[in-house]
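Structure first, then comments.
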Amino acid sequence: MNPLALTLNEQLNENNPHLLDMMSDLGKNMYYPKGILTQSAEAKATDYNATIGMATNRDGMMYADTLYDMFNHLSPEEVFAYAPPQGLEALRDLWLKKVLADNPDLQEEQITRPIVTNALTHGLSLVGDMFVNAGDTVLLPAHTWGNYNLVYGVRHQADIQKYPIFDENGHYTTQGLVDTLASIEQDKVILVLNYPNNPTGYTPTVDEVHTIVEAVDTLGKRGVNVVTVVDDAYYGLFYEDVYTQSIFTALTNLNNPHVLPIRLDGATKEFFAWGFRVGFVTFGLSNQASKDIVEAKMKGLIRSNNSNGSTPSHSAVRYVLENPEQFNKDIQANVDTLEARYQVTKEWVYREDFQALWQPYDFNSGYFMALRVKDVNAETLRKHLIEHYSIGIVALNDTDIRIAFSCIEKDDIPHVFESIAKGIKDLQN
Ligand SMILES: Cc1ncc(COP(=O)(O)O)c(C=O)c1O
């Protein structure tokens, strides 16, 4: 093992041995090298800085004016320079401020400074690198985003186990998770929590969050290391009376040394900036040495993978966080649009005459809602809807479909659900 990794692990063993136990072999082997980036950081104030792989002249960076024309609110430095592996420092501070403003129960000392990732998928994958060994147990909700299987099941060879989040009537329940956690016999599990949930659009209430967090706490108190991965991709898109802080906050406030809360969030959905690829990973850790070690290892993982993120994207997100007045109004207008669509969707899917055709899963947030369709195959229905009604939906399995009301104009929503109803009737006959 590299001596730098050995030192980090020795320090971690002294400061937080459970955190060391939670790490994968790759997580344990990882370190941040004293390579070009460290040397370049040390040379930043020199007159002749010949360390970094960029091209400069007396005025600063060399660049093409035509490319710079695209980014006229930003300085050349904010567009063309490399970002450090952990992301632009100013952006990290601004996101930290946002996290604390959104989560009043969280204190700055309780969490790490967010590290910028190439959006959430990258963050989820980095978490896999750091914490998931082949054969480790990853607990996913039965209604889940398919990419977790690829990230943790295929890439990291984890043993994926699923827990139900809905009862047979389509109502959200915490019981499946509580029972699953109570039956854990392994000494470590990775628990993925994703609310608002993709594909069902459900976010738990305050009481439900309390139940989930209590079950995680109990498991940790049994001595099981619980790496909780909170995927907050759709954070903030709440349309009912739900728990509006991140469940990461409630988990962090457990102060249970066997529970490691990790939050993935970002600009992708929250800022309607899917292609920017700006996300963040934040750890619920309060010990400064643990924070520094986790950051060093994360930087090593990023450096050894995509090296660093895209500076124009980091700078653009920084710009809107620094100039929030109009930006917040723009975002709120989009959220209002989604909420209006949610209200119409709710009105239509619960109509009495449709209940012989489908059963909605509870939903109250996010982009999506899901239906269990009756007496038709979901994939057959999906193809039928494309062919005969020019409507695209997602078949989740044999019985369930996902409808993204985020992509249907409010006035078109009745037509879409009436057509789905007709399509089901066509196939039932
Ligand atoms: C639950 C969930 N997590 C993560 C992502 C990926 O986000 P990103 O585009 O930021 O990688 C998505 C995207 O659809 C998602 O639905």
For His143, distant residues with modelled amide H under 5 Å away
Ile165
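With all protein chains present and a 1.4 Å probe, how do Met22, Met62 order by accessible area, largest first?
Working: Met22 5, Met62 110 Å².
Largest accessible area first, the residues go Met62, Met22.
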Where a ≥ b ≥ c are root eigenvalues of the Cα gyration tensor, a/c under 1.5 meaning rounded, otherwise prolate if a/b exceeds b/c and oblate otherwise, the range 192-312 counts as oblate
For the range 80-147 and the range 162-241, what is the separation of their C-alpha centers, rounded to whole Å?
18
Measuring from the longest principal axis of the C-alpha atoms of the chain, the long axis of helix 311-322 (C-alpha) lies at a number of degrees, nearest 10, equal to 70
Spelling it out for Tyr243: with amide H atoms placed in the peptide plane at 1.01 Å from N, the residues 5 or more places away or on another chain with amide H under 5 Å from its amide H are Thr205, Val206
Longest principal axis of the chain (C-alpha) makes with the long axis of helix 378-389 (C-alpha) an angle, in degrees to the nearest 10, of 80
The set of residues whose placed amide H lies less than 5 Å from the amide H of Gly201, leaving out same-chain residues fewer than 5 positions away, is Phe368
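So what are the range 1-121's ellipsoid semi-axes, whole angstrom, largest first, if each one is the square root of 5 times an eigenvalue of the alpha-carbon gyration tensor?
Details: eigenvalues 220, 106, 32 Å².
Square roots of five times the eigenvalues give 33, 23, 13 Å.
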Grab the alpha carbons of the range 328-428, take their convex hull, and tell me the volume per residue in Å³.
88
Note, ³J(HN,Hα) from phi for the range 13-29, Karplus 6.51, -1.76, 1.60, rounded to Hz, x at Gly and Pro
4, 6, 8, 7, x, 5, 4, 4, 4, 6, 6, 6, 4, 5, x, 5, 6
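Might you tell me the accessible area per residue for the chain, computed with a 1.4 Å probe and given in Å²?
I get 45 Å² per residue for this part.
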May I ask you to order 213-221, 182-190, 332-340, 362-370 by the average number of other C-beta atoms within 10 Å around their residues, highest value first?
362-370, 213-221, 182-190, 332-340
Rounded to the nearest 10 degrees, what's the angle between the helix 120-131 long axis and the longest principal axis of the chain, both from Cα atoms, 0 to 90?
70
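How large is the helix-only mean residue ellipticity at 222 nm for the chain, computed as the sum of -39500 (n - 2.57) over DSSP H runs with n ≥ 4, divided by its residue count, in deg cm²/dmol to the nearest 500? Write out the running numbers ahead of the final one.
Values: 17 runs with 182 residues, N = 429.
It lands at -12500 deg cm²/dmol.
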Would you calculate the separation in nanometres between label points at Asp93 and Thr137, each defined as 7 Å from the Cα along the Cα-to-beta-carbon direction?
4.4
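How many percent of the alpha carbon pairs in the range 258-415 exceed a separation of 19 Å?
69
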Which aspartates and glutamates, on any chain, are close to Lys162 with Cα under 14 Å apart, when same-chain ones fewer than 8 places away are left out?
Asp136, Asp179
Through the Karplus equation 6.51 cos²θ - 1.76 cosθ + 1.60, θ set to phi - 60°, convert the phi angles of the range 263-275 into ³J(HN,Hα) values in whole Hz; use x for Gly and Pro.
10, 10, 8, x, 6, 3, 9, 4, 9, 6, 10, 4, x
With every protein chain left in place, what is the accessible area of Lys346 in Å² (1.4 Å probe, nearest 10)?
60
Let me make sure I get this right: for the chain, a, b and c are the square roots of the gyration tensor eigenvalues over alpha carbons, sorted descending. Under 1.5 in a/c it's rounded, otherwise prolate if a/b > b/c, else oblate. Which is it?
oblate
The lysines whose Cα lies under 27 Å from the Cα of Lys422, excluding any fewer than 8 residues away in the same chain, are Lys346, Lys374, Lys383, Lys410
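Over the range 145-269, what is the relative contact order in percent, taking alpha-carbon pairs closer than 8 angstrom and at least six residues apart?
Details: 166 pairs, mean separation 29.3, N = 125.
This gives 23 percent for the range 145-269.
Contact order normalised by length for the range 227-379, with contacts defined as Cα pairs under 8 Å and 6 or more residues apart; what percent is it?
Details: 144 pairs, mean separation 33.0, N = 153.
Relative CO of the range 227-379 lands at 22 percent.
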Vicinal HN-Hα couplings computed from phi for the range 155-167 (Karplus, 6.51 cos²θ - 1.76 cosθ + 1.60; Hz; Gly/Pro x)
5, 10, 6, 6, 8, 7, 10, 10, 10, x, 10, 9, 7
The lysines whose Cα lies under 25 Å from the Cα of Lys98, excluding any fewer than 8 residues away in the same chain, are Lys269, Lys291, Lys297, Lys299, Lys329
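The values are calculated or read from the model by the stated rules, or taken from the named source; none is laboratory data. What you see is a predicted model, and the numbers here were worked out from it, not measured in a lab. Every residue, glycine as well, gets a Cβ built from its backbone with ideal geometry; the counts of neighbours run over all protein chains shown. Please note that ligands, DNA and RNA were not included when accessible areas were found on the heavy atoms of the full protein model with its side chains. Shrake-Rupley method; radii C 1.70, N 1.55, O 1.52, S 1.80 Å.
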